[in-house]
Amino acid sequence: MVTEAQVWATLEEIPDPEIPVVSLVDLGVIRSVHVSDGAVRLELTPTFLGCPALETMVRAIEERVPEATVAIVNDDSWSTDKISAAGREKLRKAGLAPPAPRLAQGHSSLVQLQSQVHRCPYCGSTDTRLENLFGPTPCRSLRYCASCRQPFEQFKTI
Amino acid sequence: MNELLLGLADDELVIGWRDSEWTGIAPMLEEDVAFSSIAQNEIGHARAVYELLAADADALAFDRSPTEYRCAPLVQLHLLEWARTIARRWLYEVADEIRIAALMAEVPVAAKINREETYHRMHAEMWHERLRDEPRFRSAVTELWPYALGVVLPEQRGELAARVGIDEVDAVERGTLDPSFRALHEEMTMVRRSAPAGARW
């Protein structure tokens, strides 16, 4: 019979459909896993409500954990602070700047305009500027590093 | 409460649809990306709220007749003109922030929507800063002001007027159908109407 630890281990192997360097566990979207009498109940929180990756995530979970019932929880429990330390490092290595912690933002409405909290994932410089608040997916902004002259994608802090 | 939520969902669906009309033809590439991304978010918000109200969100979104929609006339307007489009985005975001703030305590998904809207507000505010003294933008704001008031409840209109800096006037209320809405409704529901019975995505 499957255990909670086994389910978590399997979930750690399921990549995010749009950013496959991180797993669903790294991303912090698995809110809970309950196992009783062989039935697995799992709660999943979307990152952004309009993100089409959600359906793909559910299908991937159902394929890998056939006993699982997946409930989508659309409350306010996910923020980018839920991304694990390991997940942030994987994002950075893949050239996608991890989101700045919410607490480091100071004034929340200006977070993405303050370049000092946004470090270039390639050269580490903080001399970066916002090019576009919006990027190729709902969770990304576009920035430019003035030090290594490299445009890069920035995971939005939400 | 359900009436309020249906109004919110219909607003988000329809403004998402209208904003997406700039996909591919926005005056600059950054705005093409911005409008497409904002539209995707807004339609995602609409879906999350429809799911609270009905077991079949698509049926609620697309199987009603035009007169059954509860969206504010502001979002219905067909504005393929940049100054008015930006004026609407800005007015809508200011109004939307007031309306969502009032819902957050009771409706958990409203708090999640609010997190994402922060970026829409920053985008709208950047444009507002840039254009606020331009005559074309100012006249667009004046033209759309009665429509913007229709997005929020009567008791929220004083706050909206203070935030926008224009005196309150008579609002264009929900339930008013803009003449352009029927054509939009045709377009929005086309895929669903033409799908074979039992088709799934």
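Just need the Rg to Rh number for the stretch B:1-139, please, alpha carbons only, Kirkwood Rh.
0.97
With +1 assigned to the C-beta of every Lys and Arg and -1 to the C-beta of every Asp and Glu, and no other charges, what is the dipole magnitude of the stretch A:23-108 about the Cα centre in debye, to the nearest 20?
The dipole of the stretch A:23-108 has a size of about 440 debye.
Give me a comma-separated list of calculated 3J(HN,Hα) values for the stretch B:138-149, in order, Karplus coefficients 6.51, -1.76, 1.60 applied at θ = phi - 60°, integers in Hz, x for any Gly or Pro.
Whole-Hz 3J(HN,Hα) from phi for the stretch B:138-149: 4, 6, 5, 5, 4, 4, 8, 4, x, 6, 4, 4.
Might you report the magnitude of the Cβ-based charge dipole of chain A about its Cα centre, with Lys and Arg at +1 and Asp and Glu at -1, to the nearest 20 debye?
840
Dimensions of chain A along principal axes (Cα, Å, largest first)?
Cα extents, longest axis first: 56, 27, 24 Å.
Just the isolated ones, please: cysteines in the protein assembly as shown lacking another cysteine beta carbon under 4.7 angstrom.
So, A:51, A:139, B:71.
How large is the translational diffusion coefficient of the protein assembly as shown in µm² per second when you combine the Kirkwood radius over alpha carbon pairs with Stokes-Einstein at 37 °C and 0.692 mPa s?
Calculated translational D: 151 µm²/s.
Which of the lysines could be linked to residue B:112 by a straight reach, that is with a Cα gap under 21 Å, when you skip same-chain ones fewer than 8 residues away?
Partners found: A:82, A:156.
Could you state the number of Å between the C-alpha centres of the stretch B:147-201 and the stretch A:38-71?
Between the Cα centres of the stretch A:38-71 and the stretch B:147-201 lies a distance of 33 Å.
Using a simple charge model, +1 on the beta-carbon of Lys and Arg, -1 on the beta-carbon of Asp and Glu, nothing else, what dipole does chain B show about its Cα centre, in debye to the nearest 20?
That gives chain B a dipole magnitude of about 240 debye.
Mean separation of Cα pairs under 8 Å and 6+ residues apart, divided by the residue count of chain B: what relative contact order is that in percent?
24
Read-outs throughout are calculated quantities, based only on the coordinates presented, and are distinct from any laboratory measurement. Just so we're clear, the structure is a prediction, and the values are computed from it rather than from any experiment. Note: ideal-geometry Cβ built from the backbone for every residue, glycine included; neighbour counts use all protein chains shown.
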